[in-house]
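Here's the structure we're looking at; comments come further down.
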Amino acid sequence: MKRIFSGVQPTGNLHLGNYLGAIRNWVTLQESFECIFCIVDLHAITLPQDPEELRANTREVTAAYLAAGIDAERCVIFNQSAVPGHSELAWLFACLTPLGWLNRMTQFKEKAGKKRDIAGLGLYAYPVLMASDILLYKASHVPVGEDQKQHLEFCRDIAGAFNRQFGVDYFPLPEPQIFGEAARVMSLRDGTAKMSKSDPSDYSRINMTDDAATIRTKIRKARTDPDPLPGTAEGLEGRPEAANLIGIYGALAGISAEDALVKFEGAMFSAFKDELADLAVSVLGPIGENMKRIAKDPGYVEGVLHRGAERANEIAQRHLAEIHDIIGLLDA
Ligand code: AMP
Ligand code: TRP
């Protein structure tokens, strides 16, 4: 059976990029894969988090998974810190990781900015922990947004390094699954910047819990250019905001960007935005409502996480015993 692992950080402001780039695809994949979906709280604390907010955000991401249609019976849903094996395997992998590999990671460079000397070791080792998440379960496939591509290559490199160093064929080299029009949803304020949880402007993103009126206002205010929409992809060149909105429309409607362009060729943004807003409200509205309903029952949410952690731990412990044996660590 092919096994999937993926995760989202509980850092608040879950947005349309998280939904279209990741969570929505998981709902389909659960039909044909054994799936493990994690709320990666240990990754979240690579940057400072308020403890109360971290707890609330962990419940919120869980509610988002469930509201989007992930089935807690069929899939394993849990928070990373509840399975100690993630941190342990991260150490074992850290001992195999050349610093040169970490120095190439663009996300670290972006997040550390100019303050590299005061950035934390956890932020630097972030890709090592991510490789551990995936390989602890020997996952074969990892559905993520485009921004995680480099981290997945790193994970494959680690798996290969382990297999080579110990002369085994133990870890699979996990395949990234990066889907379609919405693998990279951009900010509504700047078509060259990724839609992000940490953008200070709430108008840059559509949050999964935004109500209909807020979604409409954000789409109406989204940055555009003065020209009508073109009929082909070439016409979008140099028009990142138009390309982004067309990509979002296509992803929400389940059609390609090309087909969306055929539909809106020659339209002005005002008319296109009205249709986009209707579509976004019809897709996200029910999920947001569901999230709020589920989040009102923390006992239920924590029950899901608790059962998920038990199932995850079982696989993790079995694999860790094998890994200890390969490395030569005595399990006395
Ligand atoms: P994060 O919010 O960084 O924990 O990301 C969780 C998942 O959402 C990952 O699979 C990301 O690749 C995906 N993701 C985050 N932002 C975007 C975006 N703007 N467009 C598409 N996918 C995204
Ligand atoms: N780094 C991912 C992100 O920010 C989250 C993540 C952590 C993840 N561990 C993972 C995604 C393992 C896929 C598989 O989006």
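Of all the criteria given as (1) free of Cβ contacts under 8 Å to residues at least 12 places away in the same chain; (2) outside any helix (DSSP H, G or I); (3) small (Gly, Ala, Ser), the one not satisfied by GLY231 is (1).
Taken over segment 116-135, the residue count meeting the criterion of being within 14 Å of GLN148 (Cβ to Cβ) and modelled with pLDDT under 95 is 0.
Inspection of segment 242-250 finds no residue satisfying the criterion of being outside the structural domain of ARG59 (by TED's automatic domain parsing) and in a loop (DSSP other than H, G, I, E, B).
Pick from segment 198-215 the residues that are charged (D, E, K, R) and surrounded by fewer than 19 Cβ atoms within 10 Å (Cβ to Cβ): which of them is farthest from ligand 1 (Cβ to nearest atom)? Within segment 198-215, the match that is farthest from ligand 1 (Cβ to nearest atom) is ASP211.
When you check ALA260 against the structure, is it buried (at least 21 other Cβ atoms within 10 Å of the Cβ), without any contact (Cβ under 8 Å) to a residue 40 or more places away in the chain and farther than 20 Å from ASN18 by Cα, yes or no?
yes
For ASP331, the conditions (1) under 30 Å from GLU88 (Cα atoms); (2) among the charged types (D, E, K, R); (3) part of a helix (DSSP H, G or I) are fulfilled apart from (3).
Given the structure, is ALA119 over 30 Å from GLU314 (Cα atoms), more than 14 Å from ligand 2 (Cβ to nearest atom) and without any contact (Cβ under 8 Å) to a residue 60 or more places away in the chain?
Yes; evaluated as a whole, the condition is true for this residue.
Which one of ARG59, ARG55, ARG74 is basic (Lys, Arg) and crowded, with 19+ Cβ neighbours inside 10 Å? That would be ARG59, the only listed residue that is basic (Lys, Arg) and crowded, with 19+ Cβ neighbours inside 10 Å. All of (1) within 16 Å of ligand 2 (Cβ to nearest atom); (2) within 18 Å of TYR249 (Cβ to Cβ); (3) hydroxyl-bearing (Ser, Thr, Tyr) hold for SER198 with one exception: (2). Just name the residue that is nearest to ILE36 (Cα to Cα) out of those in segment 58-104 that are more than 20 Å from the chain's Cα centre (by Cα) and among the small types (Gly, Ala, Ser). Looking at residues that are more than 20 Å from the chain's Cα centre (by Cα) and among the small types (Gly, Ala, Ser), I get GLY85.
Within segment 152-177, count every residue that is assigned to a loop (DSSP other than H, G, I, E, B) and surrounded by fewer than 19 Cβ atoms within 10 Å (Cβ to Cβ).
Selection size over segment 152-177: 6.
Out of the residues in segment 290-332 meeting the condition of being touching a residue at least 40 places away in the same chain (Cβ under 8 Å) and of a type in the set (Asp, Glu), tell me which one is farthest from LEU136 (Cα to Cα). Applying the filter and picking the extreme gives GLU302. Determine, yes or no, whether ALA193 is free of Cβ contacts under 8 Å to residues at least 12 places away in the same chain, within 17 Å of the chain's Cα centre (by Cα) and within 16 Å of ligand 1 (Cβ to nearest atom). Yes: the conditions hold for ALA193.
The values are calculated or read from the model by the stated rules, or taken from the named source; none is laboratory data. Predicted model only: the values in this text are computed from it and were never measured. Note that each Cβ is placed from the backbone with ideal geometry, even for glycine, and that neighbours are counted across all protein chains shown.
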